[in-house]
Amino acid sequence: MAVRLEEEMYGPIKRFYEQRGYNVKAEVMHCDLVAVHPERDETIIVEMKKTFNLALLLQGIERLRLNGDVVLAVERNRKKSGAHNQRFGDLTELCRMLGLGLMTVTFYKTKAPVIDVLCEPGEPPVRGARHRKRSRLLTEFRERSGDYNVGGSTGRKLVTAYREKALKCAYVLHKKGPSAPRELVAATGIGKSGEMLRSNYYGWFQRVERGKYALLPQGVEALYLYREVIADWIASCEL
């Protein structure tokens, strides 16, 4: 059940902290909620929004200048589970990286709201560096001969390192006619040419007899479409 106003979240969050021994007051120096523990010298600032957005994030960062423990609170709307502001795994990690806490409030028609604390203020990030993916990133970068894509574009077929290699194989087949994989290895320097021909990922190649492959019309069309890539490769071979 979605809330209509942010202030509907205040009551459940206030009770949550009061049950843990905090004294709670609202709108203290423009902070939505301030909880102070009388015995442990702990102060928590909570900023509330119906959905997680940039305004809430910036507000949380601003509150860090007042106090080290800041929690962002948003509604968990079960009807919008696919929305970007409901991707709580990623949002939790973002808050951890910024030193913020994050909690959600889920409202129901027939039972009391449920609060989930996804991370506490100051918790370290839990997702470590992805070394394998970083290695793949650098390999892909190094194996591309040039920059044939436009950053931020959508709906276009990207020129990847694999596509470049397939284009080189297609060019050799176009010039020489049906050829064996070893001939393509010699002409292109691509050690996995045979594997590329057999997998035929783009549908450009056809096995015409044992150990020999030819180029299909789709491959010829690709050579024209990516002629800039082929032209740069030919020029580099002639240097």
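Summary table below
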read-out: Potential extension, S236-R198 segment - 0.36 nm per residue separation minus Cα distance; value: 11.0 nm
read-out: Distance between the range 81-150 and the range 171-239 - C-alpha centres, whole angstrom; value: 41
read-out: Projected label distance in nm at E18 and T110, using a 7 Å step from Cα toward the beta-carbon; value: 2.7
read-out: Listed residue pairs exceeding 28 Å between alpha carbons, taken from K50/K133; K25/K50; K49/K157; K50/K109; K133/K176; value: K50/K133; K49/K157; K133/K176
read-out: Ranked list, fewest to most other Cβ atoms within 10 Å of each Cβ, for C95, C119, C31, C237; value: C237, C31, C119, C95
read-out: Rounded to 5, the percent of DSSP beta bridges in the chain classed as antiparallel; value: 65
read-out: H174-N149 FRET efficiency (beta carbon distance; Förster radius 25 Å; 0.05 resolution); value: 0.60
read-out: Shape category assigned to the range 115-166 from the gyration tensor of Cα positions, a/c cut at 1.5; value: prolate
read-out: Gain in span if fully extended, R134 to T43, counting 0.36 nm per residue against the direct Cα distance; value: 28.8 nm
read-out: Distance in nm between pseudo-label sites at R210 and E7 (7 Å out along the Cβ direction from Cα); value: 8.5
read-out: For the chain, with +1 on Lys and Arg beta carbons and -1 on Asp and Glu, the positive-most of Q218, A180, Y22 along the dipole; value: A180
read-out: Helical contribution to [θ] at 222 nm, DSSP H n ≥ 4, -39,500 (n - 2.57), averaged over the chain, rounded to 500; value: -12000 deg cm²/dmol
read-out: Linear extension gain, N67 paired with Y162, 0.36 nm per residue minus alpha-carbon span; value: 29.1 nm
read-out: Simple label model, 7 Å out from Cα along Cβ direction - L58 to D90, nm; value: 2.1
read-out: Highest-first arrangement of 16-27, 165-176, where packing means the average Cβ count within 10 Å; value: 165-176, 16-27
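Every read-out reported here was derived from the displayed coordinates using simple, explicitly stated rules and does not represent laboratory data. Remember, it's a predicted structure, so these values are computed and weren't measured experimentally. No Cβ is skipped: glycine too gets one built from the backbone with ideal geometry, and neighbour counts run over all protein chains shown.
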